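Input: a single structure, listed below in structure tokens.
Where a number appears in this text, it was derived from the coordinates with a stated rule and is not lab data. These figures come from a predicted structure and were not determined experimentally. Ideal geometry is used to build each Cβ from the backbone, glycine not excepted, and the neighbour counts take in all protein chains shown.
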Amino acid sequence: MSVTFAKSDLQNFEELQSREWIETNGLGGWASSTLSGAHTRRYHGLLVAAVKPPAGRSVLISKLDDTIVRGKKRFHLATNQYRSTLSPAGYTYLESFSHNLFPTFDYRVEDILISKTIIAMHGENTTLVLYEVLKADSEFSLHLRPLSAARPYHHLRHADSTPWPASFSEDVLDIASYDGQPEFFIRVPEATFHPDADWFYRFQYLAERQRGYDYEEDLFSHGHFEVALRKGSKLGVIVSTAPPPQRDAFKLFQLEQERRSVLLSKAPRKDDFAATLHLAADQFIVERGLQLKTLIAGYHWFTDWGRDAMISLPGLCLTTKRFDDAKRILLAFTEKISRGMLPNNFADDNSPAGYNSVDGTLWYFVALYKYLRYTDDLSFIEQLLPVLHDILNWHVRGTRFDIFVAPDGLLHAGNPAVQLTWMDAKVGDWVVTPRQGKAVEVNALWYNALKITEHFCGLCNQAEEAEDLAARARVVHERFNEIFWNGEQECLFDCIDGSNRDARIRPNQIFALSLPFPLMSEERALKILRMVEAKLYTPFGLRTLDPQHPNYQGQYAGTQQTRDAAYHQGTAWSWLLGPYMTAIARFEGQAGQNKLRQIVERFKPHFGEAGIGTVSEIFDGNEPFTARGSISQAWGVAELLRAYSEDVTR
């Protein structure tokens, strides 16, 4: 879906600040900022490189401030937020913005109309900035001032007196390694470089301030480039961790344009909604080591998480026909299985993985089931079948964090001090949503793990194992229906711990309907869907708690503690629309198709908000359902794309 804003849409600075764009590079790095051009996050930058893909991220070049100079007149196209002022305020020259394959900004200054397109090259830490002069009555100069940060992406840079060496030769500014960060390069063809090294002080990142973090940074400039332009001129700037001499920015642009066009040609449907999600899906598939891939959970601050990757894989890799990527991702996580558990997350510094998740491992079974459905690659399933048996055996005898199969066949997990389900917010020692015991979605997933392995055993001539798994699954099915059905509210309990049955209405019950092997009869399923629609549905996701509950938090804002308190206590999550749509398609027939099309139509406006052309992580549970969290979230994109492809009829 092409997103376009005309001059009349670009006058409100606050709205421009709230809309962000991101270009990712397939390594875990990116270029990103707001439509105004003023950074609002420490994570914004023109070259954010993943030095050890997908980790080791560093903001190397924060900005490339551009100024049109004609005679004694100077027109600053850049916008920067300082403590008490905007200086400059170049957004006022913004004539239009469009985002199809790439973000493109058109600026009008007197008789000059100049276009700027920003591209992150796939597979390398390289950003292109392309300028084209569409109109101009006479020649003018373009000055480009790089502002460097050279810091880990979670940190902020502050001025110091340490020498920061750089050299200019053959159109290339070579900025040496600084403070442990990598060397990087800027190429501006046929430009003159004017060295005037200095610090620029106290840039303000307002989103960081709103989130309760440090929000002030100093940036360093070695000088500025100057190049003469006229009508019809094209200028291709290369910013990279690799030396760029002899590389042509426009040829690189053509390669990246062709790559993305090929991706779009494989979209499951040819309409704008599918195309937008299909292109957004490409953001998350990145390298992890030799010959392996992984999925970034979201931008800007997430790395790869096991749960998110397994949930996202069908939508990001299977509906998009990226089957080899899917296989490499599954292998990457399979290599790290320990004591029957999939890694929950990998750290930024590639230190040992964490395993504090009960459901991520069970989503691995679902991802493999979907993989087989799309590829018919039974040999791969046969290769991993011993791994699946081992996982099940670990869960039966017990593994980390009090995860074990109880005598009634259901899966127990956790204690009050640890968060193991996807509702995992924790502040210090405070687990915001402790769901120890038998969580509803965990046991729906446990049932599916048994049924999926039974299915695989049947295909792989393991009849005895399949029969045993079928018997165990029947016990789970019967017990699940016996204890989770809440007859008074006609929906499912959220979690059961001994005699305590949590009757809070949450979206987790939807998975008993949406997973490959549902546990509910049609009669009960329709009652659950009515409850979810009445209490939890919003146009952009499902709320995590019934608004009538006293613990409900309808707005996600403020400090980290305040935000974490709302994260799973009312905040709406975009990814939950996927299972909700699947359950509607499965149980509501043709009437459900009409409802699904309405869900899609209501969601479309979001592509022009928050993260342009992608899907935000979360939304306020209260109107106007403001987008929050990360601007581009893997499972939000993935589950919308999967459900739209699989469940919405043409």
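For this structure, a couple of remarks:
- Here, segment 432-539 yields an orientationally averaged convex hull projection of 8.1 nm² when only Cα atoms define the hull.
- Between the amide H of N80 and those of S87, G90, distances stay under 5 Å, these residues lying 5 or more places away or on another chain, with hydrogens modeled in the peptide plane.
- Rg [Å, one decimal], Dmax [Å, integer] - the chain, C-alpha atoms: 25.8, 86
- On the principal axes of its alpha carbon atoms, segment 356-437 extends 45, 27, 18 Å, with the longest extent given first.
- Acute angle (nearest 10 degrees) that the helix 323-334 long axis makes with the longest principal axis of the chain, alpha-carbon atoms: 70 degrees
- Ordering of 57-64, 394-401, 273-280 by burial proxy (mean other Cβ atoms within 10 Å per residue, highest first): 57-64, 273-280, 394-401
- As computed over segment 477-533, the Cα convex hull volume per residue (Å³): 82 Å³
- Gain on full stretching of the segment that runs from F323 to N594 - 0.36 nm per residue minus C-alpha separation: 94.5 nm
- Extension gain (nm, one decimal) between E335 and N500, 0.36 nm per residue minus Cα-Cα: 55.6 nm
- Size descriptors for segment 344-501 (Cα atoms only): Rg and Dmax, in that order, 16.7, 50 Å.
- Computed extension gain for V387 through D429, at 0.36 nm per residue and net of the alpha carbon distance, reaches 11.7 nm.
- Three semi-axes describe the equivalent ellipsoid of segment 190-279; taken as square roots of 5 times the Cα gyration tensor eigenvalues and ordered largest first, they are 34, 27, 12 Å.
- Over 32 Å (Cα to Cα) - which of K52/K251; K327/K527; K116/K426; K135/K251; K63/K370 fall in this group: K327/K527; K116/K426; K63/K370
- Reciprocal of mean inverse Cα separation for segment 266-647 (Kirkwood radius, Å): 20.8 Å
- Degrees between helix 589-603 axis and first principal axis of the chain (Cα, 0 to 90, nearest 10): 30 degrees
- To the nearest ten degrees, helix 359-375 and the longest principal axis of the Cα atoms of the chain are 80 degrees apart.
- Cα-derived Rg over Rh, computed across segment 554-633 with Rh taken as Kirkwood radius: 1.03
- Global geometry of segment 509-557, whether rounded, prolate or oblate, following the gyration tensor of its Cα atoms and the 1.5 cut on a/c: prolate
- Whether segment 3-260 is rounded, prolate or oblate, judged on the alpha carbon gyration tensor where a/c under 1.5 counts as rounded: rounded
- Restricting segment 11-42 to chymotrypsin sites (Phe, Trp or Tyr not before Pro) that sit in a DSSP loop and have at most 13 other Cβ atoms within 10 Å of their own Cβ leaves nothing.
- Under-5 Å amide H pairs with R19, H placed in peptide plane, nonlocal only: L35
- Anisotropy class of segment 159-308 from Cα gyration tensor, a/c 1.5 cut: oblate
- Couplings 3J(HN,Hα) of segment 465-482, computed from phi: 5, 4, 5, 5, 5, 4, 5, 5, 5, 4, 5, 5, 4, 5, 5, 4, 5, 5 Hz, in residue order, whole Hz [Karplus 6.51 cos²θ - 1.76 cosθ + 1.60, θ = phi - 60°; x for Gly and Pro].
- R108 versus E488: modelled label distance in nm, points set 7 Å from Cα along the beta carbon direction: 6.5 nm
- Rounded to the nearest 20 debye, the dipole magnitude of the chain is 660 debye, with +1 charges on Lys and Arg beta carbons, -1 on Asp and Glu beta carbons, and the Cα centre as origin.
- Cα Rg, Dmax (largest Cα-Cα span) when computed across segment 1-62, Å: 13.5, 43
- Phi-derived couplings, Karplus 6.51 cos²θ - 1.76 cosθ + 1.60 at θ = phi - 60°, listed residue by residue for segment 397-412: 8, x, 10, 4, 6, 6, 8, 7, 7, 6, x, 7, x, 7, 9, 9 Hz, with x used for Gly and Pro.
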